[in-house]
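Take a look at the structure set out below.
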Amino acid sequence: MNEILNEITWLGEGNTLGQDIWRKKYRYNDEDFSMWLDRISNGNTDLRESIENKEFIFAGRILANRGLHKFGRKITYSNCYVLTPPEDNLESIFDTAKNLARTFSYGGGCGIDISNLRPNGSKVNNSALETSGAVSFMDLYNLTTEIIGQNGRRGALMLSLSVDHPDIKEFIKIKEDLSRVQKANISVRMNDEFMNAVLENKEYALSYMTEETGEVIENKVNAKQLFKDLSYQNWNYAEPGMLFWNRISEWNLLSEDEEFEFAGTNPCAEEPLPAGGSCLLGSLILPSFIVDGIFDFEKLKKAVRAGVKALNEVLDEGLPLHPLQEQRDSVKDWRQIGLGILGVGDLLIKLGIRYGSEKSLEFSDKIAKVIINEALQESSRLAKELGAYPKFDLETILKSEFLIANASNETIELIKENGLRNSQLLTIAPTGSIGTMLQMSTGIEPNFAFSYTRKTESLHGEDKYYEVFAPIAREYMDKNGIEGLEELPEEFITAQNLDPIERLKMQATWQNRIDASISSTVNLVHETTIEEVENIYLKAWELGLKGVTVYRSGCAREGILTIDKKVEDDEIVLETPRGELKSIAEDTIYYPKKLKIGCGKLKVMIGFSPSLHQIQDLYVIRSGSGGCEKNIQAVAIFMSGMLRLGGNLFMLEKSIEGISGCPSFASGNAKGGNLSKGNTCSSAILNILKEFEIDMGLSDHEKAKVLIKQKAKKVLIKEAEKEKVAEKQKHDIVECPECGDPLEVSGGCFACRSCGYSKCD
């Protein structure tokens, strides 16, 4: 008997979060799963089959909105737009704000490049005499983004500026002022001339000529120092990102077409687009092409054909739904689509290949080459049937270095005969909500984590916490009788423990086969230095990436978005009232740490909250049995209890400092047992906690020493202050606006694994 296909059987009975995402974000009113498939496939049986088999899926905008125009809804199918850059006059600047508001009202995210605007101090022929500069108008576009809602969601905006603009220093530091431009991503348009000046430690000219007055503003900077400043801002604030504009302009199908020019990128930077350009997104779900442990390339080709055809159908259907005439004209002329991928991290794990290894790069390249060649062929077949895109020029297309490097001889001949239906075909988007719904890794990113803690309420109203494992990890653990994540093989690698250069090499491998771009965030540990960030960006440019940004754990951007009150020199803040146990944060992740003690081995599980950036809890597992087993567990319970009562590691240290050394420790060390640091189980556990704090970039232990020695009075946070901070939190991007849980930084955007919200979806 065939299983009835509905959202539960499609997503998995245990995948309650995925089911909730589908019901709350993607189905319309009370439609059932079959009705939803009918709506989003619109009679295309190959597409419906591909979605049912989880081989291809549209981006969220299409899943939610396709067909709703029949009910009178004015909602675009496009995730992203690039507006015509504002010209250097007030009318154009404010017209751009109007167009931004209109686009947001239809549900689209936007990119705006402000490089045309004259710099601070330039002469103007009005009462102001001098302009406040290009950067000052970022506040206008930021405010527009904040005001115009999208069904309860924030608008998505990218603001970019060329590296040779005289206001570039002000631009890159704007996020230091936490009251400005918090609703937009910002990126710098880098060029090869500047990057070469960095390598050669030369001066670089920042220059702007005002056409209206003929005034030229120019000053020279040390390129290397400016690059260091950029890297520092990324190290400390995770912005601005870098867009390598020469690579963007030269590595695509239209690189030789003088009529075409990119005007900017969408908010997550995977889509460079012309003025008024937009893009429709969909992704191939790569793990689904593994059949009996082998990757099925023929099955992949079929899905590519279905995806290209489906995106073209949606493009035609959605043409009248774009908010602005410039968008309708651009889409009609150039017909960009964005076929992408998701699940690379899971795919490699299923094949037993470590992400970032040479084998992973070779296999990814093999897949990518099939995708681009098949996509070109399908676009050409559609051109034969329906006509090439209106601006198609065969002579310039055939000169494209991207086409020459990626198309087979058969494909070239097909294009000569038929043309192409699309001027842009492939991109890799973040796929945050979709990946969460399908319970797999997003875009080309490695898995962010393989487990997390989730809270649930019992029938009696009591909070219960339990560890949730990613399905791919849980499946492997069950199959192989593994209980802890630390026992997983090397292919189970996460964004936090992946070598950043290996991460860049993976992106470069895919970028060689992608004519648009790739949404990308390189996650870094707190200890990463500014010099290492510099090296990451230099390497990204050398490898041919089109864009990249970094996110360092514990950076200032993360710190300013928590609810912790700053501790003054003369006060101690008690976050927990006396005698009241603090609840364990919902996003607590347990990190295993191994200890070797005098009478055996211990595994200390340290519960850490990324949002609060604090140790929340700990417990101990002892290998084997012995007279101290229960005592060790009791010690861990009491340590955890002290932390949850508002204590810190300094207090723990003071409470056990009078305990004499354990004979088994002394004996073990005398025999060369290489035991963990400490002379008792309690001191060894404490030392592990202190090392963990340092690894995570925490300084509570040292702060506590200073505060306690100062005889500072204890100060309770006033309720009014709490409310004020909580109100601020409503606007902070690291906190999920739908459920309040912390957001995961992955694939160039922030995504919530608790409810499926994605800032860039």
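Things worth noting here:
- Residues whose placed amide H lies under 5 Å from that of residue 157, excluding near-sequence neighbours: 110, 185
- The range 491-545 shape via C-alpha gyration tensor axes, a/c threshold 1.5: oblate
- Centre-to-centre separation between the Cα atoms of the range 1-70 and those of the range 228-260: 36 Å.
- Unit charges at the beta carbon, dipole of the range 357-442: most positive-side option, 423, 442, 388: 442
- Under 11 Å, Cβ to Cβ, from residue 273 - net charge with Lys/Arg +1 and Asp/Glu -1: -4
- Within-13-Å neighbourhood charge of residue 338 [Cβ basis; K, R +1; D, E -1]: -1
- The orientation-averaged projection of the convex hull spanning the C-alpha atoms of the range 35-189 amounts to 11.9 square nanometres.
- Computed from the C-alpha gyration tensor, the three semi-axes of the ellipsoid equivalent to the range 259-341 are 30, 14, 10 Å, from longest to shortest.
- Kirkwood Rh and Cα Rg combined as Rg/Rh, the range 163-266: 0.99
- Against the rule of thumb 2.2 N^0.38 Å, how large the Cα Rg of the range 232-384 comes out: 1.20
- Percent carbon-and-sulfur accessible area, the range 198-330, ignoring ligands, DNA and RNA, probe 1.4 Å: 45
- Counted by Cβ distance under 13 Å from residue 195, the other residues give a net charge of -1, where Lys and Arg count +1 and Asp and Glu count -1.
- Rounded to whole numbers, the Karplus 3J(HN,Hα) couplings from phi for the range 483-497 are 9, x, 4, 5, 8, 5, x, 5, 5, 7, 9, 10, 4, 6, 10 Hz, using 6.51 cos²θ - 1.76 cosθ + 1.60 with θ = phi - 60°, and x at Gly and Pro.
- Averaged per residue, the range 161-231 has 46 square angstrom of accessible surface, using a 1.4 angstrom probe with ligands and nucleic acids left out.
- In summary, the range 267-307 shows an alpha-carbon radius of gyration equal to 1.64 times the 2.2 N^0.38 Å reference for compact globular proteins.
- Descending principal axes extents, the range 325-392, alpha-carbon based, whole Å: 47, 26, 17
- Treating each Cα of the range 1-125 as one equal point scatterer and applying the Debye formula with no solvent, the log10 of I(q)/I(0) at q = 0.14, 0.16 Å⁻¹ comes out as -0.73, -0.85.
- For the range 333-441: Kirkwood Rh in Å [reciprocal of mean 1/r, alpha carbons]: 15.5
- Backbone amide hydrogens, once placed in the peptide plane, bring residue 264 within less than 5 Å of 273, excluding anything fewer than 5 places away on its chain.
- Prolate/oblate/rounded label for the range 209-266 (Cα gyration tensor, a/c 1.5): oblate
The values are calculated or read from the model by the stated rules, or taken from the named source; none is laboratory data. Predicted, not measured: the structure shown is a model, and the values here were computed from it. Here Cβ is always computed from backbone atoms with ideal geometry, including for glycine, and neighbour counts include all displayed protein chains. Only protein heavy atoms, including side chains, enter the accessible area calculation; ligands, DNA and RNA are left aside. Shrake-Rupley method; radii C 1.70, N 1.55, O 1.52, S 1.80 Å.
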